[in-house]
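> The structure under discussion is supplied below as structure tokens; questions concerning it will follow.
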Amino acid sequence: MRRRTPPPPSPLPQRDGIDAVRVRLPFGGSWATVREHLVERLSGAGPGVVAGMFDSGLVVGADGNPVAADAAYVPGMFVWFHRELPEEVRVPFAVDVVYRDEHIVVADKPHFLATTPRGGHVTETALARLRRELGLPTLSAAHRLDRLTAGLVLFTVRPGERGAYQTLFRDKRVRKEYEAVAPYDSGLALPRTVRSRIVKERGVLAAREVEGEPNAVTYVEVVEHREGIARYRLTPATGQTHQLRVHMNALGVPLLGDPLYPEVTAPAPADDFRRPLQLLARSLEFTDPVTGVAHRFRSARTLEAWASYAGWRAEQPGI
């Protein structure tokens, strides 16, 4: 078995809080040059884009020097480059820092801002913003929230410690509480624990429940209700994609502002921030695996539909 070569550190600095793309040339294949492989691998970039990157010296090796257009293909070789990013619509809400020490940063993320770069959301993410604003290029996310969900996210400062914090989530040693606003149903028996098996298929927007051994568990409570809506406390014991949204929809009280449940709606324009999903990661509680300190953090955000249901409804077309 071929031993995996650990990647060298990037010779390129971050750009707008985004790491350079690292590519390791695969073993096997019949490419004669590095350029030939990248032209094939990055075919979606468009005609001439990769060739232009080589001509401009934008593809570099581990020593930071440009890779020549005719450089021979070497299996296992690492190369780096910065991809050209399209201009993104700025999410006009701040990422608030709740806590910071030499090991972690706990941020209170707004609705509409992705946690980490993915798809069309790259520089407009909580991670990229915090790297820039705090001057912490090594900052990484220990877990993620959906782009449409607001609330607390844990980031790690030192790369060597990230695994210890990720293990907290993997081993379910973090207590998370969420707050949600959804219709009130007086006939719905709560509190209760919802258990089901949730499947999220790649390329399909909405997750779904299927028969089988439960892999998603959520404790659901009503905190208070008025005007036909309720504020719910949701305590997940597992972390399946869209778990809280799926479980609330299955109970017949889908979250207000949810574009996927019970039905997938047409995507809103990128600059339309009128439909925030009424879901908030309210609190995080854990014992720090590095310092041993017992932490409990609480979001200061308020869900708009609960603060002013009439005002929230006025912003929702068709309601």
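The values are calculated or read from the model by the stated rules, or taken from the named source; none is laboratory data. This structure is a prediction, so every number in the text was calculated from the model and none was measured. Here the Cβ positions follow ideal geometry from the backbone for every residue, glycine too, while neighbour counts run over all protein chains shown. Surface areas here come from the heavy atoms of the whole protein model, side chains and all, with no ligands, DNA or RNA. Shrake-Rupley method; radii C 1.70, N 1.55, O 1.52, S 1.80 Å.
> Would you tally the net charge around Glu133, using a Cβ to Cβ cut-off of less than 14 Å, leaving Glu133 out, and scoring K and R as +1, D and E as -1?
Around Glu133, the charge tally is +2.
> Looking only at Cα atoms, what is the convex hull volume of region 241-308 per residue, in Å³?
Expressed per residue, the convex hull around the Cα atoms of region 241-308 is 152 Å³.
> How about Lys200: which aspartates and glutamates have a C-alpha closer than 17 Å to its C-alpha, ignoring those fewer than 8 places off in the same chain?
Output for Lys200: Asp146, Glu209, Glu211, Glu213, Asp258, Glu263.
> Under 10 Å from the Cβ of Arg197, count the other residues' Cβ atoms, weight Lys and Arg +1, Asp and Glu -1, and hand me the total.
Summing Lys and Arg as +1 and Asp and Glu as -1 gives -1.
> Where in region 91-176 are there GluC sites (Glu not before Pro) that are in a DSSP coil and have at most 14 other Cβ atoms within 10 angstrom of their Cβ?
Glu102
> When averaged across all projection directions, what area in nm² does the alpha-carbon convex hull of region 83-231 cover?
Projected over every direction and averaged, the Cα hull of region 83-231 covers 12.1 nm².
> Which of the chymotrypsin sites (Phe, Trp or Tyr not before Pro) found in region 10-118 are loop residues per DSSP with 10 or fewer other Cβ atoms within 10 Å of their Cβ?
Phe27
> Just in region 226-303: which GluC sites (Glu not before Pro) are loop by DSSP and have at most 11 other Cβ atoms within 10 Å?
Those that pass, being in a loop and sparsely packed, are Glu227, Glu263.
> In region 66-197, what % of DSSP beta bridges are antiparallel (nearest 5)?
Once the DSSP bridges in region 66-197 are tallied, antiparallel ones form about 95 percent.
> Please state the equivalent ellipsoid semi-axes for the chain: what are the square roots of 5 times the Cα gyration tensor eigenvalues, largest first, in whole Å?
Taking √(5λ) for each Cα gyration eigenvalue gives 41, 22, 20 Å.
> How large is ³J(HN,Hα) for each residue in region 83-99, as worked out from phi by the Karplus curve 6.51 cos²θ - 1.76 cosθ + 1.60 (θ = phi - 60°), to whole Hz, x for Gly and Pro?
For region 83-99, the Karplus curve yields 7, 6, 9, x, 5, 9, 5, 6, 7, x, 9, 7, 9, 8, 8, 8, 7 Hz.
> Just to make sure I understand: if all protein chains stay in place, what is the order of Lys200, Lys176 by accessible area at 1.4 Å, largest first?
Lys200, Lys176
> Is the shape of region 167-311 rounded, prolate or oblate, going by the alpha carbon gyration tensor and its root eigenvalues a ≥ b ≥ c, with a/c under 1.5 for rounded and a/b larger than b/c for prolate?
Because its axes are fairly even, with a/c under 1.5, region 167-311 counts as rounded.
> Can you work out ³J(HN,Hα) from phi for every residue in region 246-258, in order, using Karplus 6.51 cos²θ - 1.76 cosθ + 1.60 and θ = phi - 60°, giving whole Hz and x for Gly and Pro?
5, 5, 5, 5, 5, 7, x, 10, x, 4, 5, x, 7
> Suppose every K and R has +1 on its Cβ and every D and E has -1 on its Cβ; what is the size of the dipole of the chain about the Cα centre, in Debye to the nearest 20?
For this selection, approximately 820 debye.
> Which one, Gly44, Thr125, Thr33, is farthest towards the positive end of the dipole of region 25-164 when Lys and Arg carry +1 and Asp and Glu -1 on their Cβ?
Towards the positive end, the residue furthest out is Thr125.
> Mind listing the phi-derived Karplus ³J(HN,Hα) values for region 61-69, rounded to whole Hz, using 6.51, -1.76 and 1.60 with θ = phi - 60°, and x for any glycine or proline?
Ordered by residue, 3J(HN,Hα) equals x, 5, 8, x, 8, x, 8, 5, 4 Hz.
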